[in-house]
Amino acid sequence: MATIKMEQANAGMIVAVDVKDRSGRVLVRSGAEITDKHIKMLKTWGIRFIEIVTEDHEVEHKLVINIDPARLAEATDIAKSLFQHTEHEHPAIKELIALSIQRIAQKLGTNTHGA
């Protein structure tokens, strides 16, 4: 799964997560193949990002794979507290949280080894 800007969306891509408007109404269901009509409609509704199915899961999980589970859990707790007042389901926020967890876990690892 990857989060992309609507400008990068192409017909034929598969939606990974339901695309919703601000009130929570589903505009495009998960699993749907994107059409040119979908792209135009989503842009009209002001959707800026969309999550699509990707074949390359290595890139998405590259940094998480080698992180100690305890450190990953601690980093997740810290990141969740930092983003506690945000809409966690928004694709951009999901991406920020994931990147934050990875960065925090790396820093925790550096601090642990340096102690």
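Straight-line reach only, C-alpha to C-alpha below 25 angstrom: list the lysines that Lys40 could link to, leaving out same-chain residues fewer than 8 apart.
Within the straight-line limit of under 25 Å, Lys40 reaches these lysines: Lys5, Lys20, Lys94.
Which sequence of Val15, Val53 reflects their accessible areas, 1.4 Å probe, from the largest down?
Sorted by accessible area, descending: Val53, Val15.
Just report the Cα centroid separation between the stretch 14-28 and the stretch 33-55, whole Å.
Spelled out, the Cα-based centre of one part sits 9 Å from the other.
At a probe size of 1.4 Å, how large is the accessible area of Leu82, to the nearest 10 Å²?
It works out to around 120 Å².
The values are calculated or read from the model by the stated rules, or taken from the named source; none is laboratory data. Model, not experiment: these values are computed from the prediction. Accessible surface is based on the protein model in full, side chains and every heavy atom, while ligands, DNA and RNA are left aside. Shrake-Rupley method; radii C 1.70, N 1.55, O 1.52, S 1.80 Å.
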